[in-house]
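Coordinate-derived values only; no laboratory data. Just so you know, these numbers come straight off a predicted model, no measurement behind them. Cβ placement follows ideal geometry from the backbone for every residue including glycine, while neighbour counts extend to all protein chains displayed.
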Amino acid sequence: METPERGVAIRRQMISSKLPCPSALASLPYVGYDYSKVIGTCCENVIGYVPVPVGVAGPLHLDGKQFQVPMATTEGCLVASTNRGCRAIALAGGASSRILADSMTRGPVVRLPSACSAAEVRAWLESTDGFQAVKEAFDNTSRFARLQRLLVGLAGRNLYIRFHATTGDAMGMNMISKGTEQALGLLQQHFPELQVVAVSGNFCTDKKPAAINWIEGRGKSAVCEATIPSKVVQEVLKTTTAALVEVNIQKNLVGSAMAGSIGGFNAHAANLVAAIYIACGQDPAQAVGSSNCITLMEPSGPMGEDLYISCTMPSIELGTVGGGTNLPPQQACLQMLGVQGASQDHPGENARQLARVVCATVLAGELSLMSALAAGHLVKSHMTHNRSKVNLQN
């Protein structure tokens, strides 16, 4: 095959005649794409690529810096709303953020002959000597992966071992899986009757709603906060602090509790996470756990008319190297934020900075949407920016 593009063209011809609509691929572009970055890394059986509109929200004033945040979305109003939130934060003097924890996880399931023998293995893993032996085997598989701790659950004769490890600037699933596999080999040397059922036993938990990610964290755990003066609340957000606090309690706290939500104590964190993830080459499926967020609002200032807002996100799963971050358009979006590639001075810092930007952008989005709800403007704004005029005309 002369070029990867030629291979894509042939594949398109082969499947077109088998489709319900033979001309279906006509509007799916494939020419002019660098498939060398895709093959063996991002996708198989390639037939083209899907362009997604990318907007920018900002400047986002965060920790004394300014960021122009790329957002890939097809939801009208989302970028405009987030941009309004960024403006409110800027007029308030900016937002502040911190990384609370940094550890990707993998949770294999292993089986022992009996529950009692499983309990013995658990006790060994939780001992100082046992952990050090596992850590040495794990850490030897990578320059960057460093085992931090183990969380061990027992169900009958099955053990679920949650490995927590730092992974540098990579999201780290492949890295931590390799280390976990090596550690399990060591475990079988110490306990020959131990059977590895699966390297992933859903105790991780990856790409599924899970209380363990909400409680124990996964990836980067971040918090962001800002205090918005009453004047900005009124003039930019078109509402009042009292109204925002009330809606936040009834919607994000009580309403989410009524729904039995796990980590969904927010208005639309997933909107911002997904938009940034698609733009910046992250795994979109990890928006599931990464969107865990609790948004809190309370009156602030001498008269209680200013608004204090915070977003706490315990499981932001992302990286600035590997996977989709190798694609040129996605690299461009990471470069917009100054976090493309690995940090040369402080390994892992680019990924941590990206997590702080995600958390702060979520705060901006929460601020604007909650204000629209408090002011009764939500439906009007979506009818203006998010209603498909093409579909209506057709």
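Give Lys37/Lys208; Lys178/Lys207; Lys65/Lys207; Lys231/Lys251; Lys135/Lys220 a once-over and call out the pairs whose C-alpha atoms are over 26 Å from each other.
Working: Lys37/Lys208 28 Å; Lys178/Lys207 19 Å; Lys65/Lys207 32 Å; Lys231/Lys251 24 Å; Lys135/Lys220 21 Å.
The answer is Lys37/Lys208; Lys65/Lys207.
Report the FRET efficiency, 1/(1 + (r/R0)^6), for Gln234 and Val254, where r is their Cβ-Cβ distance and R0 is 30 Å, rounded to 0.05.
0.75
Please express the shape of the chain as an equivalent ellipsoid: the semi-axes are the square roots of 5 times the eigenvalues of the C-alpha gyration tensor, given largest first in whole angstrom.
Values: eigenvalues 288, 194, 77 Å².
Values for the chain, descending: 38, 31, 20 Å.
Karplus couplings for the stretch 242-248 from phi (6.51 cos²θ - 1.76 cosθ + 1.60, θ = phi - 60°), rounded to Hz, Gly and Pro as x?
4, 5, 5, 4, 5, 5, 4
Principal axis lengths of the stretch 1-51 from Cα atoms, whole Å, largest first?
Rounded to whole Å, the extents work out to 30, 25, 17 Å.
Along the charge dipole of the chain, which of Gly93, Ser343, Ser16 sits closest to the positive end, that is, farthest toward it, with unit charges on the beta carbon of Lys, Arg, Asp and Glu (+1, +1, -1, -1)?
So the residue furthest toward the plus end is Ser16.
Using the beta-carbon distance between Ala26 and Gln66 and R0 = 45 Å, what value does 1/(1 + (r/R0)^6) give for FRET efficiency, to the nearest 0.05?
According to the calculation, E is roughly 0.60.
Projecting each Cα onto the charge dipole of the chain (Lys/Arg +1, Asp/Glu -1 at the beta carbon, about the Cα centre), which of Tyr49, Pro329, Leu28 comes out farthest on the positive side?
Leu28
Hey, what do the phi angles of the stretch 130-143 turn into as Karplus ³J(HN,Hα) couplings, whole Hz, using 6.51/-1.76/1.60 and θ = phi - 60°, x for Gly and Pro?
Rounded to whole hertz, the list is x, 5, 4, 5, 5, 4, 5, 5, 5, 5, 6, 8, 7, 6.
Grab the beta carbon distance between Glu2 and Gln335, set R0 = 25 Å, and tell me the FRET efficiency rounded to 0.05. Provide the component values of the computation, followed by the final result.
Values: r = 31 Å, r/R0 = 1.25.
Between Glu2 and Gln335 the formula returns 0.20.
So what is the relative contact order for the stretch 108-198, in percent, with contacts set as C-alpha pairs under 8 Å and at least six apart?
40 percent
Relative contact order for the chain: what is it in percent, counting Cα pairs under 8 Å that are at least 6 residues apart?
That works out to 20 percent.
If you place +1 on the Cβ of every Lys and Arg and -1 on the Cβ of every Asp and Glu, how big does the dipole about the Cα centre of the chain come out, in debye to the nearest 20?
820 debye
Quick one: compute the contact order of the stretch 1-51, relative version, from alpha carbon pairs under 8 angstrom and 6+ residues apart, as a percent.
46 percent
Looking only at the stretch 155-193, which residues have a backbone nitrogen under 16 Å from a spot 7 Å from the Cα of Ala123 in the C-beta direction?
191
Based only on other Cβ atoms within 10 Å, what is the fewest-to-most ordering of Asp63, Asp206? Don't skip to the answer; put the middle values down first.
Numbers: Asp63 15, Asp206 21.
Least crowded to most crowded, the residues run Asp63, Asp206.
Multiply the residue separation of Ser36 and Leu151 by 0.36 nm, subtract the distance between their alpha-carbon atoms, and state the gained length in nm to one decimal.
Value of the extension gain: 37.4 nm.
Give the residue list of chymotrypsin sites (Phe, Trp or Tyr not before Pro) in the stretch 17-59 that are DSSP loop and have at most 16 other beta-carbon atoms within 10 angstrom.
Passing both the DSSP loop test and the Cβ count: Tyr30.
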